[in-house]
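A.B. asks: Let me begin by handing over the structure; questions about it come next.
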Amino acid sequence: MSKYALVTGGSRGIGRAVVVRLAQDGYQVIVNYASNQAEAERTLELINGQGELLPFDVSNAAQVREALQGWQQRHPEEYIEVLVNNAGIRRDNVLALMPEDDWHRVLDITLSGFFNVTQPLLPAMQLHKFGRIVNMASVSGLKGLPGQTNYSAAKGGIIAATKALAQEVARKNVTVNAVAPGFIKTDMTEGLDEAALKKTIPANRFGNPEEVADLVSFLVSPNAGYITGNVISINGGLYT
Ligand SMILES: NC(=O)c1ccc[n+]([C@@H]2O[C@H](COP(=O)([O-])OP(=O)(O)OC[C@H]3O[C@@H](n4cnc5c(N)ncnc54)[C@H](OP(=O)(O)O)[C@@H]3O)[C@@H](O)[C@H]2O)c1
């Protein structure tokens, strides 16, 4: 019987690396994305079709419900045992100048996205007494970063949600953890001054998506069954 994992924002960056790693781990991977179909198809190619694409906007509850119900109808005997809530955006600005929409969009995708996708998948994880949820947080959600009040609030919120939900479902062998990357080389960090920023990182470099994916792979493995409600930083020693 196949094992299924869903990675939101799985088409590019960290999400893509997680998709590839989970496919190597033997999962059929459901690759979610919002709009960039070409990149999503490229990701599916990278795993030789060992999964499927499932586009939806995580912040749109109706879209999420319809997509997940459709998947369940196509796979009546299966359940999604691994969920990686990875979709995220940043819309940086000092708070004084932040457009209202940038506040809401960042929180909607990270926090409402977490709720919209996680809630429908929990009953089956609990019923089967096995589930793994990993939420993509950030160093920004641990220490707060200037120019990212919206993003820091969203990532801090996801960390708190991780800790709360972990306690609700631990008895059912469902673990919920957060991963807090520092600076990772993806489209999201494309415009940043890497040469200047890496001087602030003890490892003196940005991380790679594959390094984050290795951590996610461990957290969703049966071996990580006693780790729950935790936030694991992966940041090259960047002090938090
Ligand atoms: N890169 C870093 O340094 C870093 C550091 C800390 C935390 N993180 C977090 O890690 C996660 C991945 O970041 P990344 O750097 O890999 O970002 P990225 O390269 O910009 O990729 C973002 C992914 O999220 C998807 N996405 C965006 N909005 C979505 C929505 N509303 N619904 C569904 N999918 C959506 C995108 O899909 P489309 O292709 O369709 O747009 C894409 O697959 C994010 O949560 C980010 O906050 C990143």
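A.B. asks: Check Asp102, Asp57 and return the single one that is without any contact (Cβ under 8 Å) to a residue 60 or more places away in the chain, within 16 Å of the ligand (Cβ to nearest atom) and touching a Lys or Arg at 6+ places or on another chain (Cβ under 7 Å).
C.D. replies: Asp102
A.B. asks: Let me ask something additional. Is it true that some residue in the stretch 132-139 is β-branched (Val, Ile, Thr), farther than 20 Å from Asp92 by Cα, touching a Ser or Thr at 6+ places or on another chain (Cβ under 8 Å) and touching a residue at least 60 places away in the same chain (Cβ under 8 Å)?
C.D. replies: Checked the stretch 132-139: no residue is β-branched (Val, Ile, Thr), farther than 20 Å from Asp92 by Cα, touching a Ser or Thr at 6+ places or on another chain (Cβ under 8 Å) and touching a residue at least 60 places away in the same chain (Cβ under 8 Å).
A.B. asks: Which residue out of Gln72, Gln24, Gln50 is more than 8 Å from the ligand (Cβ to nearest atom) and within 15 Å of Leu121 (Cβ to Cβ)?
C.D. replies: The match here is Gln72.
A.B. asks: Another question about this same structure. Can you tell me which residue within the stretch 101-130, out of those that are small (Gly, Ala, Ser) and surrounded by fewer than 23 Cβ atoms within 10 Å (Cβ to Cβ), is nearest to Gly9 (Cα to Cα)?
C.D. replies: The extreme case among them is Ser112.
A.B. asks: Being touching a residue at least 24 places away in the same chain (Cβ under 8 Å), buried (at least 24 other Cβ atoms within 10 Å of the Cβ) and on the phi > 0 side of the Ramachandran plot: is that true of Gly51 here?
C.D. replies: So Gly51 does not fit the description; no.
A.B. asks: Moving on to the next point. Filter the stretch 1-15 down to residues that are part of a strand (DSSP E or B) and in contact with a Pro (Cβ under 8 Å, 6 or more places away or on another chain), then give me how many there are.
C.D. replies: 0
A.B. asks: Could you check the stretch 27-39 and list, in sequence order, the residues that are within 9 Å of the ligand (Cβ to nearest atom) and touching a helix residue (DSSP H, G or I) at 6+ places or on another chain (Cβ under 9 Å)?
C.D. replies: Val31, Asn32, Tyr33, Ala34, Glu39 - these are the residues of the stretch 27-39 that are within 9 Å of the ligand (Cβ to nearest atom) and touching a helix residue (DSSP H, G or I) at 6+ places or on another chain (Cβ under 9 Å).
A.B. asks: When the residues of the stretch 75-89 are narrowed to those that are under 20 Å from Arg12 (Cβ atoms) and crowded, with 20+ Cβ neighbours inside 10 Å, which ends up farthest from the ligand (Cβ to nearest atom)?
C.D. replies: Filtering first and then ranking leaves Val82.
Since every read-out is calculated from the coordinates, none of them should be taken as a lab result. As the structure is a computational prediction, the values presented were derived from the model and not from experiment. Cβ sites come from the backbone with ideal geometry, for glycine too, and all protein chains shown count toward neighbours.
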